[in-house]
Each structure stands twice: as C-alpha cells, then as structure tokens.
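Read through the structure below, which is laid out as structure tokens, and then see the notes.
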Amino acid sequence: STFVPGTYNIHLGADDTNYFIMDTADGQVLASHNCCPENQATAFTITIPGIFPFDNVFGEQGGGDWYDVGISGPGINGIVALGDTENGSPPVNPIGAFIETEDLHNFSVTSGDGGQTIDFEWNSFASEIYTIVSSADPENDGPPASWAPVEGLQDLAASLPLNQHSIARPADAARFYHLLTSPVPSLFSDDFESGAAGWTTLINDENGDTVWELGTPLASTGPIAGADDSANAWSTNIGDYGPDSNIALRSPAIDLSALPGALLNLDVFRDADGFGDVAFVRFLRADDQTVLGDPASIDMTVFDTEWTSIEIPVDPAAIGETILIEFNFQSDSSADAFSGISIDNVSISAN
C-alpha cells in the first residue's frame, strides 16, 4: 500500500454504524458510538506500512454494514467513506476476505542437520537491511515488530541476491521467526539547518547576478521557508535570480564504494520562467572533478506551489567512486521576477 504510517481517525455517524472493528498491521482497532447526539471519531496510529494495512473490517449496524464509516488522516482530503479509494481512502477488506500477496523475500526457516541448527534464507535487496525476530508465544507477544531480535541477526546488510544465516537451535519446544525489513540508512544526508559546512558554490558567468545562497527563501514568488517550514534551504539568490546566470553548488565528498547502485533524494521548489531556464545535476569524481556519466535534468517547466520530493538515480559511472554532487542552474537573458530553484533535504542512499 502507498499509505504512510501516521495517525488516522475512524468516524462513526450518530445514526449509522455504532460499533466498528478493524485489523491493521499494528493490531486491532475498536471504535464504538455511545449514541446519538453527534458523530464521533476514534484516533489510531499505524507504524507499519503493509500491503493492505486496513483488513478484516466489520461494522455493527444493520447486519455488518461498514460502508457508513468515514476515515481521515495523512494523504486523505478531509473525511471520506472508508473504502472509497477514488477519494483517498485506503483499500479495505471485509472479514472473511482472502488476500493473496507476493512474498518478495521468500523468507524460509529450515534445518538441514536434523534439528541441531536453524537455517534462514531470503531474497535480499541492496536498499534494505534486515533483522530476524522470534517469539515462543506469538499470541501474547503482539505483532512481530515487537518480538525480540535473534542475537547476532540484527541490522544485517544485504548479501545479494540471497542472505543465508544459521544459528544453534534454541531449547524451546516451539519458536516462531519473522523477517523485518527497513531502508538502508542514508550514506549522506543534509537538511542545511546546521549551516553550509563542506558545501561550495561557483559562479560560471561574467555577471555574477545570481549565486547559490543558504538561508530562508525570500523572492517575489516561490517558497517563503525551507522544506517542512525549516529555516534554511539553498536558493538561486535569496531574492529573485538574475539573467544570463550559470552557477553551481557542490556537496561534500560522498563515498559510494562497494555499492551496486545509489539514489539521490532531495526536496525542490521550482519557480522560474518555465521555458528558458534550466537546472541539472552532475556527479563528479571528488579528487579531480571529472564528470562521471551524463547530467540528470531537473524539469524546470514545472511551477511548484509547494516543496516537492524528487529522486534521481546516481549514474552508474559514479558508483564505486568518491563523488561530489553538483547542482547547476542556468538562466536565459530575460529579466524575470521569480525565485528560480530552491533545494533542501539532500540525501543519498544505496539502491
């Protein structure tokens, strides 16, 4: 599912459903209406995004009718009917529905020596790290995310294409195992709230009317704060950018050795003339500034009305190198009252 973890609300109508039960990846949600003056809301939090996080839904009103239940929360515009996916509700499945999902990891637990050792194997991916957890009493230990990690099998890196690990069989008569996955921590991350340490700027034109500046954006148009209302972002001038500009912003050195691939993530706010101004990213070898691979264009025909997150695959020629990220902005000769481009929350992670 694309539904993010966060706090949601179940809304029960005063004259409609008055009892509601729902299973989520974090456990069971119960909501009840004590009748009758007004609608009531029950808040719940999902911390684990799943394939179908809203499963096994039941509402007690006229024989199991749950269709009068509303939901609100992250990514949902106002209050919508639960199950109304066209208007933002997550997909739901009534109790008794069978959901078949693909196990991408194909996690297996076996013993090849008559039970002396326990062998674990699963499909692994470079963008993930792994922890195996276990429970001898899953009915009382809660969801797998709350189970105890198996000693020595925490925060395991991917060993493509398969991870294979073994432990001595525990003394329990029965024990259950589960594979937890999480994203690989960023190799590099900067939200610029601590300043510009390690970053350098260049002016490649004769006029010098535009420079990369770090601070709170303040132009005729465009953003008035960094992403997430933060204080700092890099912008093509704190005010409006100038004509005939050619400027670059370079990151600190980032080590991409021993990686199969990497992904650049950043927040952008694009506010230029929409046709004559361009922006692109280059990856440079840190020790001699050799360009590695092809530039990656940032679409400057877009007029952002809010900060937007974008992903750019690191060019394969840069993988295995220690690199600099270079952000380039070039404007045409027209004098425009726009902010240009601002960037924030730059990170690189394994892919």
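Mind giving me the nanometre distance, one decimal, between the label points for A136 and N123, set 7 Å out from Cα along Cα→Cβ?
3.4
With a point put 7 Å past each Cα toward its Cβ, work out how far S111 is from I224 in nm, to one decimal.
Output for this residue pair reads 6.7 nm.
Below 8 Å between Cα atoms, with a sequence gap of 6+, how large is the relative contact order for the stretch 206-351 in percent?
Relative contact order, the stretch 206-351: 37 percent.
Please compute the contact order of the stretch 108-183 in relative form: average sequence separation of alpha-carbon pairs under 8 Å and at least six residues apart, divided by the residue count, as a percent.
Dividing the mean separation by the residue count of the stretch 108-183 yields 43 percent.
Once phi is turned into θ = phi - 60°, what whole-Hz ³J(HN,Hα) does the Karplus curve with 6.51, -1.76 and 1.60 give for every residue of the stretch 72-87, x standing for Gly and Pro?
9, x, x, x, 10, 7, x, 10, 10, 5, 4, x, 7, 5, 5, 10
So, R0 is 30 Å and r is the distance between the beta-carbons of S333 and Q289; what FRET efficiency does that work out to, to 0.05?
E between S333 and Q289, to the nearest 0.05, is 0.60.
Throughout, read-outs are computed from the coordinates displayed, never taken from laboratory work. Source: prediction; values computed, not measured. Backbone-built Cβ (ideal geometry, glycine too); neighbour counts: all protein chains shown.
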